[in-house]
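As structure tokens, the structure follows; a few thoughts come after it.
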Amino acid sequence: MGLSIFQIVLAAISLIFMINGLFKFLKKENHQTFFKLLATSVIWGSIFFVALFPALTHTVSEKMGLGENLNTLIFIGFVVIFMILFKLVNIIERIERNISEIVRKEALRKLEKK
């Protein structure tokens with residue numbers, strides 16, 4: 001089983017993301033929920049599996065009637081979209097926490113003035 005550099009790098013990156021998500025969940029960091037852990041595990045686990053066993057995806061692609069090149073483009077597109085999606089979710093959650101903190105501080109400041 002000869003793996004290309006691309007497969008090894010992609011598998012390593014997906015493994016790092018899965019381990020990072022597990023550590024964040026175990027440390028309860030950044031309001032990490034079980035749903036986030038599950039989503040991270042499913043998405044990056046799938047990428048890990050596809051990186052190591054690309055022939056299986058080719059077989060499934062042929063059975064569904066999709067071409068070889070289309071399968072590769074769709075996979076790369078999904079990887080990029082999932083990375084962007086996770087980044088956006090993290091940014092939105094951080095903004096929500098900041099807004100909540102600002103509102104609390106403002107409410108306490110107004111309460112002290114009275």
**Asked** If you check residue 37 against the conditions, is it within 25 Å of residue 95 (Cα to Cα), modelled with pLDDT under 85 and among the aliphatic types (A, V, I, L, M)?
**Response** yes
**Residue in the stretch 60-77 that is among the aromatic types (Phe, Trp, Tyr), closer than 21 Å to residue 7 by Cα and modelled with pLDDT of 75 or more present** = no
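The values are calculated or read from the model by the stated rules, or taken from the named source; none is laboratory data. Computed from a predicted structure; not experimentally measured.
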